[in-house]
Amino acid sequence: MTQRTSPISLASTLTCPHCGAETTEAMPTDACLFFWSCPACHATVRPKPGDCCVFCSWGTVPCPPIQSARTSQSSQPESAQPGCCAR
C-alpha cells in the first residue's frame, strides 16, 4: 500500500502583524526567509520565537521544508520535527 502525500505548496499569504495587510508571496525552497518587509506599512517582520521563518509565523502555509517534514514525519509530534534551518 502506498502512502499518498500532499503536494508542497510554494506560495503563502503573509499577514503583517503590524498593520494586518495580506500579501501572497512565493516561498524559497532552499532557504529560510527570516525577514520580510511589509509592502503596506514597510515594517520589517521577523518570525515568532521558535519558528524558523516568517512563513511559519505569519503565513497561511508553512515553508516547504516544514511541509515536507510534516508529511514524511506525520507520526512524530511537531516539537520533535526539525525546522527548515536545522540541518
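Read-outs: derived from the displayed coordinates by stated rules, not from any lab. Computed from a predicted model, the values in this text were never measured in an experiment. With ideal geometry, Cβ positions are generated from the backbone for all residues, glycine too; neighbour counts draw on all protein chains shown.
Extension gain, residue 13-residue 68: 0.36 nm per intervening residue step, less the Cα-Cα distance, totals 18.0 nm.
For a quick check of your reading of the filter: which chymotrypsin sites (Phe, Trp or Tyr not before Pro) in region 4-38 sit in a DSSP loop and have no more than 11 other Cβ atoms within 10 Å?
Working: sites: 34, 35, 36; in loops: 34, 35.
Passing sites in region 4-38 are 35.
Between amide H atoms placed 1.01 Å from N, distances below 5 Å from residue 45 occur with 36, 37, 38, all of them 5 or more places distant or on a separate chain.
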